[in-house]
Amino acid sequence: MATIAPTGSASATNQTKNYLVPLILVTSLFFLWGLAYGLLDVLNKHFQETLNVDKARSTLLQMAYFGAYFVIALPAGIFMNRFGYKKGIIFGLLLYTVGALLFFPSAQLASFDFFLLSLFILASGLTFLETAANPYVTVLGPPQTSEFRLNLSQSFNGVGSFIGPIIAAKLFFDESNPAAQSDLESVKWVYVVIAAVVFFVAMLFVRTPLPEIREAEVMSNVALDKKPLFGHKNFVGAVIAQFFYVAAQVGIAALFINYCTEVDKTNTNADASVLLSLSLLLFTIGRFAGTAIMKKVAPNQLLMFYGVINVVLCAVVIAAKGSISIYSLMAVFFFESIMFPTIFALGVKDLGHHTKRGSSFIIMSIVGGAIMPYVMGYFANRYSTAISYAVPLVCFLVVVWYGWKGYKTEEKHSQLFDFESKN
């Protein structure tokens, strides 16, 4: 995958100490883009009411957000190859800051289109962060624990996603302040504060020495090393599976508040926002629990099992039978929690010197989150929000396939359950 220079004869203890501060800083990035995502789904419903947009149009927020991943991922990878991960991370944080600051004039103008542009710039910064952080975490320590570190760091993405809706429920749907529910004042100030925090983190990265990373073109299997990137079936399968997984994850959350308020008329927007936050808490717990379970269960098997459960849960959601359907929708978050990092790790397995480029393509496949929510919004407008959840049901079937067969590399199938890095 990659090695850290200089490689000398430093002891494992000294290396661990050298990696600790960078690892903490890089893990903070996962929290920051989790926070941005957690706010996004509540903004969806808030803009429906304050800017008078329908469900389908409101999902253009997701299209702007996740469309940035598709457009920017490869340029971000090229930038990182030329200038290094540290500069890529700093540039991403600065883009994040600019995008967040642009929420202020967007709110002043009450322009949904300007919000879309601001969100696209913000998400472009997140693309740099995610393209850098996922592979970078895997090399900040021993190779044999790389996937554990990635799942652990990704867990803090869930923490940020959990906190986002709590902030939004309090400020955007504050029942004690009716004005907050009908204007955009709280939105612009929330993002100004976020911009200040992100800029502070960028300055920390400027002042903190980070280990240099260089590509290692050493493979345990020479035959695999000679194969083109798209000759690796596990990688191609991962791009497909990640597209559909992210499509499901984003669509489920995008219309969550609509679903909860429609299925149970006693739920207010604030109530549904709290339920969304609790769902994202389940997502976070699921990440930590899944990381522990993977010590005993093969990752692909856990991925397949969780995918089957979510197919069943989505069927219950479509039935829309009161509270049990809402609880089933919340449970989906727990079982989808391990899917992104697990698909990512299985997808880059045995890619060798293709790993960095392969990572960029897997990040690009996040564009599924830009497309499917609009499809769900169309079905929600034409039929019902409950019926629209047939879309993520189909997406989870693709995840089940990847955990069953799509994850397999060309050789050594019997050893695919070993997550030790061979790159």
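The values are calculated or read from the model by the stated rules, or taken from the named source; none is laboratory data. This one's a predicted model, so the numbers in the text were calculated from it and none came from an experiment. Cβ atoms come from the backbone with ideal geometry, glycine included; neighbour counts cover every protein chain shown.
State which residue is surrounded by the most Cβ atoms within 10 Å (Cβ to Cβ) when the search covers only segment 256-267 and only residues that are in a helix (DSSP H, G or I) and touching a residue at least 24 places away in the same chain (Cβ under 8 Å). For segment 256-267, the residue satisfying everything is ILE257. Restricting attention to segment 268-301 and to residues that are free of Cβ contacts under 8 Å to residues at least 24 places away in the same chain and outside any helix (DSSP H, G or I), the residue that is surrounded by the most Cβ atoms within 10 Å (Cβ to Cβ) turns out to be VAL297. Among the candidates LYS55, LYS87, LYS45, which residue alone is over 18 Å from ILE363 (Cα atoms) and crowded, with 23+ Cβ neighbours inside 10 Å? Unique residue meeting the criteria: LYS45. Only residues that are modelled with pLDDT of 80 or more and basic (Lys, Arg) were counted across segment 315-365, and they come to 1. The set of residues from segment 372-386 being part of a helix (DSSP H, G or I), out of contact with any Phe, Trp or Tyr (no Cβ under 7 Å at 6 or more places or on another chain) and not hydrophobic (A, V, I, L, M, F, W, C) comprises PRO373, TYR374, GLY377, TYR378, ASN381, ARG382.
One residue stands out in segment 262-294 among those that are at pLDDT below 90 and hydroxyl-bearing (Ser, Thr, Tyr): the one that is farthest from the chain's Cα centre (by Cα), namely THR266.
Meeting the requirement of 1 or more residues that are crowded, with 23+ Cβ neighbours inside 10 Å and at pLDDT 80 or above, the helices (runs of 4 or more DSSP H) wholly within segment 136-255 are 146-172, 185-207, 233-254. Going through (1) within 23 Å of MET80 (Cβ to Cβ); (2) of a type outside the set (S, T, N, Q); (3) crowded, with 21+ Cβ neighbours inside 10 Å one by one, HIS353 falls short only on (3). Residue check: is THR342 in a helix (DSSP H, G or I) and over 17 Å from ALA241 (Cα atoms)? So THR342 fails the test.
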